[in-house]
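Each remark here refers to the structure printed beneath this line.
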Amino acid sequence: MDSNKAPNVTGVDSPGRRTVYSLCGMCAVRCPIQVEVEDGRVVWIQGNPHDKAMGTSLCAKGAAGLVFEYDDERPQYPLIRTGERGGGQWRRASWDEALDYIADKLKAIIKKHGGRAVCLSDRGGPFNDLTKAFVKALGSPNYFTHDCTCGRNAHHATQSLFGLGRTDLGMDIKNAKHIILYGRNIIESLQVKEAKDFIGALSKGAKCLYIDVRATLTASKATRFWMIRPNTEYALNLAFINVVLNEDLYDAEFVNKWVVGLDQLKAFVREYTPQWAEGVTGVPASEIKAAIREIAADAPAVIFHAGWMTARHHQSFYTSRTAHILNVLLGAIESPGGLIIGKGPGDYGLKGINKLVDRIPKVKEKRVDGVGWKFKHWDAGPGIMHLLFPAILSGDPYPMAAYFAYRHDPLSGFPDPEAVQEALNKLDLIVAIDVNYSETAWFADVILPESTYLERGNVIAEKKGPKPSLHLRDQCIAPRFDSRPAWWIFREILRRLGLGEYLDFESLEEIWRYQLEGTGVSLAELREKGVLSQVDKPVLRERLKDLKLKTPSGKIEFVSTMLSDAGLPSFAPFDEPPAKKPGTFNLVFGRVAFFAHAQSTNNPLLHELMSTNSLWINSKEAAKLGISDGDTVEVSSNGTKAKGPAKVTDFIHPEAVFMVHGFGRTVPLLTRAFGRGMADQRLMKGKLTDYDKAGGGNNMTETVVTVRKA
Ligand SMILES: Nc1nc2c(c(=O)[nH]1)N[C@H]1C(S)=C(S)[C@@H](COP(=O)(O)OP(=O)(O)OC[C@H]3O[C@@H](n4cnc5c(=O)[nH]c(N)nc54)[C@H](O)[C@@H]3O)O[C@H]1N2
Ligand SMILES: Nc1nc2c(c(=O)[nH]1)N[C@H]1C(S)=C(S)[C@@H](COP(=O)(O)OP(=O)(O)OC[C@H]3O[C@@H](n4cnc5c(=O)[nH]c(N)nc54)[C@H](O)[C@@H]3O)O[C@H]1N2
Ligand code: SF4
Ligand SMILES: [Mo]
């Protein structure tokens, strides 16, 4: 195929009005959408009503997709760096030129170091069959995701108990009677369907206990809100467990059938009383007791949200683990209103879609981050990406030479971007494939513009759930600029390396047909609604007979051999956070409903909603420092500094300060976001290599900052 032509899906440029069912791309949730196209232009986007839970709803970011599409401040053609890395000097290149440039470098790298010296990271998720296939075709084990900065602690905690992944335990929020959220700001840091289910449950009378260091919009919806001392929710969970066991509030039938290690847990939590927890967390013991008794009365329709983020500290893993232990004790597993184990096509006797990775021989090399061999208690799939950076610097266990950032912006998403840059700078080749000028793209050698989510299709996604489903991102319009879809970009690189056989498809439709072959689902059928499940009614497993758990014992392992083999305790003593000096605070971060990380602060419409961030600081602490609302403050940590306005409020814990993530962009071509606001990741100096040894996630909320009036 001619590299000068975009490989569009058939019929995308036909005139007149069309309705296309696709998936939103304004954040990583990828909600089902309905897109109206008129003469090749998107005129309307709404939720896909064929997906009942979604309906026609869309969040603000999703609605701003139209503005994103027609904004010109994004990469429009391939760029090759001409000056220093990060210096912002580029030349325009044709696709052939850019791809040849990359392929020539890769050939030399693979010849010298082997395919394992090439790595790629993406945002994980339902389309990663393609990126995994690309990395595997190169002969490299080094596929990474962002997840060590996101849900990895919770994922590994889930694995240690159930042998299942974090997302294999779906939450039946709709039918829950009591929902316990630890810093899970479910209606601002949102997924549309989940937020709707949550509000739906509350309106049916469900209760919510919300625990955060600050009052969010979710706090305003909660039945109880506890403003907890930073990084101490683990103590709270231990006290909850203490009460549940002492007062025999647990589901003995379920626990006796499934749990390994109940006696050890009982002995361990004996000292962790509500009185003790009050001293650590600041939550009154009487409240702790009252809440857990009420929650137990609502069991098993209860959900302790084991997190996604659940803060980011060196005991996050045990926070998630104990949240799940509470779910188990209250019998909230495979039961309506609790956690439902995700089922794939196989569970319903169906054939799943064909995978691209299965066309490629297994890679025998060990991962460069040590996951799977040095760190056997972690999931080798996407590894632990922060361990890549020290490995690049040391060349141990082997040299790394090339990195692809695909739909991932490590210089925004990892703590201490200077440390990330230092490592990346040792590589011979950095390629960013993005739809925006990300911080990482700006530091790369080549920027390849991917067509936007409205201008391209993706490989078909298969999702597990109470019932499995297929999701199609279809192409709505032809690309506005000289961009290409990912499948084409990866295929072209492999072809140039003589590895084309692994991704030997002429069109995306051909890939779709390969994926669907033998499933009994036709492309036309899938396209008709965009989302499809071959199962009418979800079926729960017989919860006292067969849960199909994947732990070594087949049971729920309160005492885990996976952990003990790794030299880690199943029950870790609570470590009290160190006392802070006056004028110092834990730097806490998070989201607002209308931005996705750093990628939407330059969106013309969303930028109007919030053009900069501020530093939330407790009123009493501010008064001590002579800071009034709106004053400019200087926030500093470990030699880095940022300045911004103070938001003085009673609604944040005295030991914490907070800022919205995603600001402080350094790419001058982003005229709206450039230089505006404070970048929390830059204040996390030294935190790139500081992580939870049990879960693997970075300890970002342990960053201590000093605040003064500027
Ligand atoms: N300091 C700090 N660090 C954090 C967080 C925080 O709040 N504070 N949050 C953490 C969390 S939870 C996460 S998930 C990570 C997020 O980490 P990031 O990976 O930084 O987040 P995203 O905004 O999803 O964007 C990744 C990149 O994908 C690009 N992109 C978007 N759509 C497309 C597309 O269709 N194609 C391509 N090729 N690229 C696309 C965006 O432009 C962006 O550059 O950050 C983590 N790190
Ligand atoms: N609008 C929007 N929605 C999103 C995203 C987005 O970028 N924008 N990103 C998606 C992604 S990738 C993710 S991972 C999720 C994240 O979902 P959440 O985990 O709900 O996200 P955050 O906004 O980061 O919320 C973290 C909250 O934790 C609180 N917190 C900090 N430290 C502590 C502590 O020690 N204890 C307790 N209990 N709370 C603490 C903070 O004050 C903050 O309110 O959101 C998803 N949804
Ligand atoms: S949550 Fe909003 S931005 Fe994210 S995929 Fe859904 S509609 Fe799009
Ligand atoms: Mo995340």
Tell me, please, whether a residue that is open to solvent by less than 50 Å² (accessible area, probe 1.4 Å) and part of a helix (DSSP H, G or I) can be found in the stretch 547-559. no
Which residue pairs have Cβ atoms under 7 Å apart, sit 6 or more places apart or on different chains, and have a first residue in the stretch 134-147 that is within 16 Å of ligand 1 (Cβ to nearest atom) and a second that is among the β-branched types (V, I, T) and open to solvent by less than 10 Å² (accessible area, probe 1.4 Å)? Y143/T131; Y143/V135
Members of the stretch 641-674 found to be of a type outside the set (G, A, S), within 16 Å of ligand 2 (Cβ to nearest atom) and assigned to a strand (DSSP E or B), listed by number: K647, T649, I652, V657, F658, M659, V660, R665
Restricting to the stretch 182-205, and then to whatever is surrounded by fewer than 24 Cβ atoms within 10 Å (Cβ to Cβ) and away from ligand 3 (no atom under 16 Å from the Cβ), can you tell me which residue is nearest to D650 (Cα to Cα)? L202
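Can you tell me which residue within the stretch 575-601, out of those that are within 15 Å of ligand 3 (Cβ to nearest atom) and of a type in the set (S, T, N, Q), is surrounded by the most Cβ atoms within 10 Å (Cβ to Cβ)?
First pass over the stretch 575-601, keeping only residues within 15 Å of ligand 3 (Cβ to nearest atom): 591-601.
Restricting the remaining residues to those that are of a type in the set (S, T, N, Q) gives 599-601.
Numbers: Q599: 22, S600: 21, T601: 28.
Selected residue: T601.
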Just name the residue that is nearest to F481 (Cα to Cα) out of those in the stretch 393-440 that are within 16 Å of ligand 2 (Cβ to nearest atom) and in a loop (DSSP other than H, G, I, E, B). V435
What's the total number of residues in the stretch 35-86 that are touching a residue at least 24 places away in the same chain (Cβ under 8 Å), out of contact with any helix residue (DSSP H, G or I) (no Cβ under 8 Å at 6 or more places or on another chain), part of a strand (DSSP E or B) and within 16 Å of ligand 3 (Cβ to nearest atom)? 1
Checked against (1) within 20 Å of T310 (Cβ to Cβ); (2) in contact with a strand residue (DSSP E or B) (Cβ under 9 Å, 6 or more places away or on another chain); (3) open to solvent by less than 60 Å² (accessible area, probe 1.4 Å), A673 satisfies every condition except (1)
Given the conditions (1) of a type outside the set (F, W, Y); (2) on the phi < 0 side of the Ramachandran plot; (3) touching an Asp or Glu at 6+ places or on another chain (Cβ under 9 Å), and given that G530 satisfies all but one, which numbered condition is not satisfied? (2)
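If you go through the stretch 502-519 one residue at a time, how many are in a loop (DSSP other than H, G, I, E, B) and open to solvent by 70 Å² or more (accessible area, probe 1.4 Å)? Before the answer, list the steps.
Filtering the stretch 502-519 for residues in a loop (DSSP other than H, G, I, E, B) gives 504-507, 517-519.
So of that shortlist, the ones also open to solvent by 70 Å² or more (accessible area, probe 1.4 Å) come out as 504, 506, 517.
Of the residues in that region, 3 qualify.
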Candidate set from the stretch 602-611 (those that are within 16 Å of ligand 2 (Cβ to nearest atom) and in a loop (DSSP other than H, G, I, E, B)); member that is surrounded by the fewest Cβ atoms within 10 Å (Cβ to Cβ): M610
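Which residue out of G139, G55, G88 is more than 23 Å from the chain's Cα centre (by Cα), modelled with pLDDT of 95 or more, open to solvent by less than 20 Å² (accessible area, probe 1.4 Å) and on the phi > 0 side of the Ramachandran plot? Don't jump to the end; show me each part of the working.
On the way: G139 fails: open to solvent by less than 20 Å² (accessible area, probe 1.4 Å); G88 fails: open to solvent by less than 20 Å² (accessible area, probe 1.4 Å).
Result: G55 is the single residue among G139, G55, G88 that is more than 23 Å from the chain's Cα centre (by Cα), modelled with pLDDT of 95 or more, open to solvent by less than 20 Å² (accessible area, probe 1.4 Å) and on the phi > 0 side of the Ramachandran plot.
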Those residues of the stretch 524-563 which are over 30 Å from Y514 (Cβ atoms), at pLDDT 95 or above and hydroxyl-bearing (S, T, Y) amount to T551, S553, S560
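Inside the stretch 492-531, can you point out the residues that are aliphatic (A, V, I, L, M) and over 16 Å from P468 (Cβ atoms)?
I493, L494, L497, L499, L503, L508, I511, L523, A524 - these are the residues of the stretch 492-531 that are aliphatic (A, V, I, L, M) and over 16 Å from P468 (Cβ atoms).
Quick check: is even one residue across the stretch 284-294 without any contact (Cβ under 8 Å) to a residue 60 or more places away in the chain, among the hydrophobic types (A, V, I, L, M, F, W, C) and crowded, with 18+ Cβ neighbours inside 10 Å? Show your work before the answer.
Initial filter on the stretch 284-294 (without any contact (Cβ under 8 Å) to a residue 60 or more places away in the chain): 284-286, 288-290, 292-293.
From the residues that got through so far, the ones that are among the hydrophobic types (A, V, I, L, M, F, W, C) too are 285, 288, 290, 292.
Applying the additional criterion that residues be crowded, with 18+ Cβ neighbours inside 10 Å yields 288, 292.
Yes, the stretch 284-294 has at least one match.
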For the stretch 17-52, how many residues meet the condition of being open to solvent by 30 Å² or more (accessible area, probe 1.4 Å) and at positive phi? 2
Checked against (1) surrounded by 23 or more Cβ atoms within 10 Å (Cβ to Cβ); (2) farther than 26 Å from L563 by Cβ, L238 satisfies every condition except (2)
Are any of the residues in the stretch 213-226 part of a helix (DSSP H, G or I), closer than 22 Å to V280 by Cβ, at pLDDT 95 or above and more than 9 Å from ligand 2 (Cβ to nearest atom)? no
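The values are calculated or read from the model by the stated rules, or taken from the named source; none is laboratory data. Fair warning: this is a prediction, and the values are worked out from it, not measured in the lab. All Cβ positions, even for glycine, are placed from backbone atoms using ideal geometry, and neighbour counts span all protein chains on display. Areas reflect the complete protein model, heavy atoms only, side chains present, ligands, DNA and RNA absent. Shrake-Rupley method; radii C 1.70, N 1.55, O 1.52, S 1.80 Å.
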